[in-house]
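The next block holds one structure in the form of structure tokens; read it before the comments.
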Amino acid sequence: MEPQEDGLRVLVAGAAGFIGSHLCDALLAGGCDVLGVDNFVTGSPRNLGHLADEPRFRFLEHDIVEPLSIEGPLDAIFNLASPASPRDYLAHPVETLRTGAEGTRNLLELARTKGACYVLASTSEVYGDPLEHPQKETYWGNVNPVGPRSCYDESKRFAEALVMAYHRRHGLCTHIARIFNTYGPRMQHDDGRIVPNFIVQALRNQPITVYGDGSQTRSFCYVDDLVEGLILLSRSEEPYPVNLGNPHEMTVLEFARLIRELTGSESEIVFEPLPEDDPQRRQPDIGRAKSVLGWKPRTSLQEGLRLTIEAFRRELGGGG
Ligand code: NAD
Ligand code: UDP
């Protein structure tokens with residue numbers, strides 16, 4: 001990690017979010033000058049607090065749905081701005097669609113003006129409730145276009161189409177990362193996603209809420225690995241989507257038991273209704289990332305969860 005890219009000027013949209021803030025750290029460690037952009041709809045200034053005295057980091061509070069102009073050169077734009085947890089995008093469906101559509105376009109226009117490379121943070125949700133397993137980039141997906149999750153899924157699918165259109169029509173250097181479930185320190189404790197929910201519940205010895213019968217699967221990638229993949233992708237020649245995730249697949253019930261074990265919790269596991277259109281299976285095929293980027297995740301689930309649980313324990317103030 002930390003490739004030297006001294007003096008490259010990089011814009012990170014969604015910088016105050018979970019993945020965005022870790023990406024800023026890695027880019028700064030690699031020698032880049034970073035401009036963070038965020039409107040704090042789901043992110044927090046707390047995630048960037050440690051960069052307050054970093055001279056190579058600047059921050060602009062801005063909603064990317066509005067056009068933005070930036071002074072001086074820009075070499076790369078990473079667009080991570082979007083509500084990402086089901087709870088957040090269900091609370092902001094119109095904003096999510098506008099961010100994926102108008103926000104993506106505004107940043108693509110900026111990239112065109114500056115001659116910058118563009119990286120879109122897309123998602124495994126473009127595969128919907130997949131009928132192919134594991135998911136390869138060539139799979140077109142199984143998305144309910146009018147279901148509750150469609151505001152997110154279709155916003156990302158539209159964003160991918162727009163990125164490809166700018167690449168084809170304007171010759172823009174573009175990249176599409178299809179990110180699978182990623183976890184780590186700085187996730188919001190209350191964003192409703194499985195990792196923060198289970199860890200907070202376990203640390204507080206409260207019931208761990210498994211939705212449905214817990215037989216649905218996910219594959220969890222530690223944030224440092226994901227960020228490394230994003231940076232390698234930005235330096236590649238690959239315009240087509242690349243899955244970034246950890247292929248280690250497990251059921252939600254197995255994950256609940258693992259969190260209980262790693263936290264030493266006495267929580268009971270309870271079962272609650274499965275949300276509508278909850279994908280039944282999800283596992284990335286990372287063959288393309290391996291061959292094109294020479295990338296694969298390095299952090300084991302045990303180690304990544306240990307680091308995440310430690311951070312949550314600190315933030316919750318001891319026992320939670
Ligand atoms: P997050 O909510 O922590 O971060 C998203 C950030 O974008 C927040 O800081 C939010 O305030 C900002 N944002 C949203 N709309 C904006 C707008 N219109 N203008 C400016 N800023 C805006 O979520 P995250 O988990 O860090 O996800 C980051 C990106 O990665 C998202 O695009 C998400 O779709 C994608 N992704 C994440 C995962 C994951 O498991 N974490 C999986 C797939 C894809
Ligand atoms: N989930 C769960 N209990 C929770 C939160 C989530 O059983 O308290 C399940 C959810 O139904 C889904 C999986 O965990 O099957 C992952 O959910 P998350 O919201 O983290 O993200 P998704 O992968 O669905 O986008």
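Please go through (1) part of a helix (DSSP H, G or I); (2) surrounded by fewer than 22 Cβ atoms within 10 Å (Cβ to Cβ) for Ser267 and return the number of the only condition it doesn't satisfy. Unmet condition: (1).
Residue-by-condition table, conditions (1) within 10 Å of ligand 1 (Cβ to nearest atom); (2) outside any strand (DSSP E or B); (3) touching a strand residue (DSSP E or B) at 6+ places or on another chain (Cβ under 9 Å); (4) polar (S, T, N, Q):
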residue: Asp191; (1), (2), (3), (4): yes, yes, no, no
residue: Ala202; (1), (2), (3), (4): no, yes, yes, no
residue: Asn205; (1), (2), (3), (4): no, yes, no, yes
residue: Gly214; (1), (2), (3), (4): no, yes, yes, no
residue: Arg218; (1), (2), (3), (4): yes, no, yes, no
residue: Leu233; (1), (2), (3), (4): no, yes, yes, no
residue: Asn243; (1), (2), (3), (4): no, no, yes, yes
residue: Asn246; (1), (2), (3), (4): no, yes, yes, yes
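Quick check, is Gly184 away from ligand 1 (no atom under 15 Å from the Cβ), small (Gly, Ala, Ser) and at positive phi? It is false that Gly184 is away from ligand 1 (no atom under 15 Å from the Cβ), small (Gly, Ala, Ser) and at positive phi. Applying a threshold of 7 Å to beta carbon distances and a minimum spacing of six or more residues, or different chains, the list of pairs starting in the range 261-289 at a residue that is more than 24 Å from Val200 (Cα to Cα) and ending at one that is among the aromatic types (Phe, Trp, Tyr) reads Pro284/Phe180; Ala289/Trp295. Return the only residue of Pro284, Pro275 being more than 19 Å from the chain's Cα centre (by Cα) and either surrounded by 12 or more Cβ atoms within 10 Å (Cβ to Cβ) or of a type outside the set (Ser, Thr, Tyr) (or both). On inspection, the qualifying residue turns out to be Pro275. Within the set of pairs 6+ apart or on separate chains, which have a first residue in the range 87-112 that is more than 14 Å from Phe158 (Cβ to Cβ) and of a type in the set (Lys, Arg), a second that is outside any helix (DSSP H, G or I) and more than 16 Å from ligand 2 (Cβ to nearest atom), and C-beta atoms under 7 Å apart? Every condition considered, the pairs that remain are Arg112/Leu172.
For the range 38-52, the set of residues classified as more than 17 Å from Asn79 (Cβ to Cβ) and exposed (fewer than 15 other Cβ atoms within 10 Å of the Cβ) consists of Pro45, Arg46, Gly49, His50, Ala52, listed by residue number. Restrict the check to the range 68-77 and report whether at least one residue is hydroxyl-bearing (Ser, Thr, Tyr), out of contact with any Pro (no Cβ under 8 Å at 6 or more places or on another chain) and modelled with pLDDT of 95 or more. Within the range 68-77, not a single residue is hydroxyl-bearing (Ser, Thr, Tyr), out of contact with any Pro (no Cβ under 8 Å at 6 or more places or on another chain) and modelled with pLDDT of 95 or more. Among the residues of the range 174-212, those identified as closer than 30 Å to Leu162 by Cα, within 11 Å of ligand 2 (Cβ to nearest atom) and of a type in the set (S, T, N, Q) are Asn181, Thr182.
Quick grid of which residues meet (1) over 25 Å from Pro275 (Cβ atoms); (2) touching a residue at least 24 places away in the same chain (Cβ under 8 Å); (3) within 19 Å of the chain's Cα centre (by Cα):
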{"position": "Pro207", "(1), (2), (3)": "no, yes, no"}
{"position": "Val210", "(1), (2), (3)": "no, yes, no"}
{"position": "Asp213", "(1), (2), (3)": "no, yes, no"}
{"position": "Ser219", "(1), (2), (3)": "no, yes, yes"}
{"position": "Leu233", "(1), (2), (3)": "yes, yes, yes"}
{"position": "Ser236", "(1), (2), (3)": "yes, yes, no"}
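Pairs meeting the criteria (first residue in the range 32-48 and farther than 16 Å from Ser82 by Cα and near ligand 1 (Cβ under 10 Å from one of its atoms), second residue modelled with pLDDT of 95 or more and assigned to a strand (DSSP E or B), beta carbons under 7 Å, at least 6 apart or on different chains) are Leu48/Gly36; Leu48/Phe59.
The set of residues from the range 143-188 being part of a strand (DSSP E or B) and either touching a Pro at 6+ places or on another chain (Cβ under 6 Å) or hydrophobic (A, V, I, L, M, F, W, C) (or both) comprises Thr174, Ile176, Ala177, Arg178, Ile179.
The values are calculated or read from the model by the stated rules, or taken from the named source; none is laboratory data. If you're wondering where the values come from, they're calculated on a predicted model, not measured in any experiment. We place every Cβ from the backbone using ideal geometry, glycine too, and count neighbours over all the protein chains shown.
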